[in-house]
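The values are calculated or read from the model by the stated rules, or taken from the named source; none is laboratory data. Model, not experiment: these values are computed from the prediction. Every residue, glycine as well, gets a Cβ built from its backbone with ideal geometry; the counts of neighbours run over all protein chains shown. These area figures cover heavy atoms from the full protein model, side chains too; ligands, DNA and RNA do not enter into them. Shrake-Rupley method; radii C 1.70, N 1.55, O 1.52, S 1.80 Å.
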Amino acid sequence: MALLQILDPGAKPKPIGIDLGTTHSLVAYVTATGEPVTLADCDNETLVPSAVRYAPDGSVVVGKQALDAAAHAPAETFLSIKRFMGRGSADVAKEPHPYKLVGTDGAPRFEVGAGRAVTPVEVSAEILRELRNRALDELGGVGGAVITVPAYFDDAQRQATKDAGKLAGLDVLRLLNEPTAAALAYGLDAKKNGTFVVYDLGGGTFDVTVLVLDDGVFQVKSTGGDSHLGGDDMDRALAELLAGDAAANLTTDSRRALELAARQVKHALSERDNVNADIELPGGARVTRTVSRTDFEQAIAPLLDRTLKAARRALRDAKLGAADVDGVILVGGATRTPAVRRAVAELFGKEPLTSIDPDRVVALGAAVQADILAGETGRDDVLLLDVLPLSLGVETMGGVVERILPRNTPIPAAAAQVFTTYADQQTGFELHVVQGERELAADCRSLAKFTLRGIPPMSAGMARLEVRFEVDANGILHVSAKEQRTGIEQSVDVEPTYGLGDDEIERMLLDAYEHGEDDVKKRALTEQRVEAARILDATRAALRTDATLLEPGERELIDKHVVALEMAAAGEDHHAVARAIESLDHAIKPFAGRRMDRAFREALRGRDLGGLESETAHAKGIESHLPQGERDGRTQVEK
Ligand code: ADP
Ligand code: MG
């Protein structure tokens with residue numbers, strides 16, 4: 001077949017769509033007649049198990065053959081590598097896995113024999129290369145690829161997926177969210193308007209997404225799910241049922257064999273009401289039992305309940321009720337289980353869409369999108385919007401987070417905010433970019449830190465630092481900071497140093513809910529303390545330099561309020577700090593007025609009045625973290 005294509009140099013490269021799954025991966029394209037189809041191997045298999053084996057002889061095996069080797073060569077055979085994409089070594093070390101992790105920081109690397117180590121990006125690239133080769137064989141040329149990712153994937157995970165695509169020799173046109181791909185495969189974009197839920201139950205993960213189609217534009221309204229819930233859990237529940245009283249005494253090998261057999265029984269139960277299981281276990285023991293669909297459904301009921309709970313939460317996040325949903329799409333092999341379909345139908349009060357094979361629907365949608373992007377169809381009308389899974393912001397004074405792009409903002413997105421200096425003569429800003437829902441930066445996830453230097457010394461509040469966040473169509477974040485008076489600029493693309501899984505996103509969201517009230521109080525207290533420190537500093541400085549302007553008794557009055565504010569700021573009540581700030585403000589007003597008058601008189605005599613100007617009092621300060629020497633040095637030069 002390959003020969004034929006060499007003889008046919010006129011074949012136009014075809015854009016392809018790839019579903020890079022945790023358990024299975026597959027590739028699809030759109031035919032000349034406009035129909036998306038998946039590509040099969042010579043055995044007519046479309047699903048490639050997402051398994052990669054680095055054999056001792058140096059060869060790399062991908063797919064079913066690798067999967068079969070997993071049992072006897074676990075350390076060199078990678079399964080579910082998607083879970084490690086874009087994550088740091090520290091995160092990977094926390095999860096149970098049979099691989100030899102080398103090093104403790106940066107991207108994880110696994111030793112695969114003879115001094116060779118591979119990264120999750122490299123392992124994923126092997127799967128993608130296999131799919132690319134399949135497409136090359138079949139189509140003669142590949143003209144760009146769309147690769148799907150879960151909607152909750154963060155910057156690092158998306159970047160890792162793109163890197164894997166590049167490494168596999170693919171021109172990655174775009175990353176596309178899996179649920180959006182499923183909606184495209186069903187042609188829902190033709191409807192112009194509607195609300196859809198995508199329920200994706202795979203082998204080891206469950207994802208639920210609320211999509212809104214608004215005038216032909218898709219928006220992911222919310223996402224939810226469970227990163228450790230899927231068909232594998234059903235296998236385990238069924239294995240327990242099959243083993244009966246013996247379940248507690250099974251060896252690891254027997255349990256594994258039983259689970260593998262249970263999976264076949266589970267598949268059969270999707271078609272039939274009763275299955276006679278006759279399973280031989282290692283060591284010669286036998287399990288014979290008739291399982292009814294009812295027994296099985298009872299065993300998996302708690303698992304289904306968990307998916308429904310996550311689905312309800314996603315609806316709540318999108319501020320929608322089940323009745324608002326126009327259609328539900330089923331994705332993932334485990335949705336073939338009739339009980340899943342029934343449970344979903346019941347929750348939403350309507351039959352879910354199932355006409356497209358749930359294993360293939362995502363790859364088919366990716367092919368449709370690739371086709372559109374490559375301009376094959378003449379339709380460029382579909383603009384796909386996804387959402388940010390977590391808020392993005394910067395740390396401001398006192399460690400408080402200022403959100404710049406809130407969670408669930410449709411992407412691509414851009415937003416800017418102006419900040420100012422907190423300290424006089426500050427010549428640099430340290431910008432700390434964070435992700436998460438908590439009020440304090442220490443409770444959020446740190447994405448990047450960078451410093452903007454070389455700002456000429458100015459009084460506090462004078463510099464105007466515009467911080468701009470841009471998230472591109474692939475979900476990658478670009479941060480830039482510009483001091484508007486001087487034009488000094490600095491930018492950073494967030495690099496995939498630290499990864500983050502959907503379970504961690506889930507945990508961060510739960511944390512934020514849990515600590516919500518507490519956090520708001522902590523934030524208010526921190527903000528008031530920062531303001532108190534600012535006022536106290538300014539007051540002390542004014543008393544030092546302009547003591548001659550004080551009236552009799554005024555000093556004592558101000559001092560009294562200074563002490564009161566210091567005491568309030570040491571306490572925990574933010575209302576008390578706010579009141580003390582107001583009192584001090586009130587007490588120094590006459591004195592401040594006299595200082596202002598004098599400054600004006602001096603200005604009229606041609607002197608500077610910069611010291612009293614404070615046009616951006618509303619803006620939040622960012623503290624300078626530059627070495628004291630540098631700050632002072634410049635101050636002296638200025639004088
Ligand atoms: P992933 O998205 O994680 O790659 P898949 O969508 O390929 O996963 O789903 C794999 C799961 O689907 C497995 O647990 C498998 O047992 C299950 N599955 C496949 N076919 C059936 C079936 N006919 N009935 C029930 N479950 C099935
Ligand atoms: Mg999948």
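For this structure, a couple of remarks:
- Spatial separation of Cα centroids for segment 16-50 and segment 141-156, in angstrom: 14 Å
- Rolling a 1.4 angstrom probe over the protein heavy atoms with all chains in place gives segment 128-286 an accessible area of 37 Å² per residue.
- Packing around the peptides 131-143, 14-26, 99-111, taken as the average count of other Cβ atoms within 10 Å per residue, puts them in this order, highest first: 14-26, 131-143, 99-111.
- Heavy-atom accessible area for ARG529, with the other protein chains in place and a 1.4 Å probe, reaches approximately 80 Å².
- Across segment 34-116, Cα-Cα pairs farther apart than 17 Å form 55% of the total.
- Between segment 88-102 and segment 425-492, the Cα center-to-center distance that results, in Å: 33 Å
- Within the accessible area of segment 214-262 (1.4 Å probe), percent carbon and sulfur: 46 percent
- GLU95, GLU527, GLU280, reordered so the largest accessible area comes first (probe 1.4 Å): GLU280, GLU527, GLU95
- Look at the alpha carbon pairs under 8 Å that are at least 6 residues apart: their mean separation over the length of the chain gives a relative contact order of 13 percent.
- Angle in degrees between helix 502-545 and the longest Cα principal axis of the chain, rounded to the nearest 10: 10 degrees
- Cα-centred dipole magnitude for the chain, charges only on beta-carbon of K, R (+1) and D, E (-1), debye, nearest 20: 840 debye
- Distant-in-sequence amide H partners of ALA460 (H built 1.01 Å from N, under 5 Å): ASP424, GLN425
- The portion of the accessible surface of segment 14-80 made up by carbon and sulfur, rounded to a whole percent, is 52 (1.4 Å probe; DNA, RNA and ligands excluded).
- Long-range HN-HN contacts of ALA117 with modeled amide H, under 5 Å: VAL112
- Rounded to the nearest 10 degrees, the inclination of helix 120-139 to the longest alpha-carbon principal axis of the chain is 50 degrees.
- As a rough guide to protection, the peptides 202-208, 88-94 ranked by mean Cβ packing within 10 Å, highest first, stand as 202-208, 88-94.
- Ranked by the mean number of other Cβ atoms within 10 Å of their residues, highest first, the peptides 228-235, 30-37, 217-224 fall in the order 217-224, 228-235, 30-37.
- Helical mean residue ellipticity (222 nm; -39500 (n - 2.57) per DSSP H run of 4+; nearest 500) of the chain: -12500 deg cm²/dmol
- Long-range Cα-Cα pairs in the chain (distance over 36 Å), rounded percent: 50 percent
- Ranking GLU178, GLU122 from most to least accessible surface, computed with a 1.4 Å probe over the protein chains only, gives GLU122, GLU178.
- The C-alpha atoms of the chain define a longest principal axis, and helix 554-570 lies at about 20 degrees to it.
- Charge-dipole axis of the chain as Lys and Arg at +1 and Asp and Glu at -1 on Cβ define it, positive-most pick from VAL172, PHE110, ALA415: ALA415
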